[in-house]
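Laboratory data are not the source of any read-out in this text; all were calculated from the coordinates shown. Predicted model, so just to flag it, every value in this text is computed and none were measured. Counting neighbours? That spans all protein chains shown, and the Cβs are built from the backbone with ideal geometry, glycine included.
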Amino acid sequence: QVQLVESGGGLVQAGGSLRLSCAASGIIFSLSTMGWFRQAPGKQRELVATITSGGTTTYADSVKGRFTISRDNAKNTVYLQMNSLKPEDTAVYSCSSRTWSQDYWGQGTQVTVSS
C-alpha cells in the first residue's frame, strides 16, 4: 500500500520559513520523481517543485530563489524548504510521486502565511 504523508505545515508570518516533509512508503523511492504541489482556495493546483531520482530539480517561477526541494533516499523522504514566505504562498501543499508513469498523492498539509 502506497502512502505519502506530509508534515511541517502551519502558520507563519510573512518573511518566515517552514520546512515540509513527505515520508513515502510502498514505492521504490530511489527511482521515483518526487514533487510538491499546492492549491489555494478557489485556484487551480500549481506545481511548486520537482526532484528526479538523479537529483535534478525544477521550480515554479513564483518560488525560485525562495524554496528548495531535496530528498533523502535513505529515509524515503522528500523535503521542501520554504524561505521568505509570502501571503500568496498560503495553500494546501501536497507531495506526489511518479514511478514508471504511476502517480500517487499525499493528503496535504496546510501552510498559512500571515501578513
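Determine which lysines satisfy two conditions relative to Lys43: a Cα distance under 26 Å, and not lying fewer than 8 residues away in the same chain.
Reachable lysines: Lys64, Lys86.
With +1 on each Lys and Arg Cβ and -1 on each Asp and Glu Cβ, how big is the dipole of region 1-81 about its Cα centre, in debye rounded to the nearest 20?
Computed charge dipole of region 1-81: roughly 100 debye.
Over all alpha-carbon pairs in the chain, figure out the percentage whose distance exceeds 16 Å.
That tail contains 55 percent of the Cα-Cα pairs.
Quickly rank 61-73, 89-101 as a protection proxy: mean count of other C-beta atoms within 10 Å, highest first.
Order by mean packing, descending: 89-101, 61-73.
Along the charge dipole of region 54-115, pointing to its positive end and built from +1/-1 on Cβ of Lys, Arg, Asp and Glu, which listed residue (Ser84, Ile69, Thr109) has its Cα farthest out?
Ile69
With a sphere of radius 12 Å drawn around the Cβ of Gly9, what net charge do the other residues whose Cβ falls strictly inside it have (Lys, Arg +1; Asp, Glu -1)?
0
By the scheme Lys and Arg +1, Asp and Glu -1, what is the net charge of all other residues having a beta-carbon under 12 Å from that of Val113?
Charge balance near Val113 sits at +1.
Sort the following peptides by mean Cβ neighbour count (other Cβ atoms within 10 Å, averaged over residues), highest first: 77-83, 28-34, 9-15.
Ranked by mean Cβ neighbours within 10 Å, highest first: 77-83, 28-34, 9-15.
So what are the three principal axis dimensions of region 69-115 from its Cα atoms, in whole Å, longest to shortest?
That gives 41, 20, 14 Å along the principal axes, largest extent first.
Out of the DSSP beta bridges found with both residues in the chain, what percent are antiparallel (nearest 5)?
So the antiparallel bridges in the chain amount to around 90 percent.
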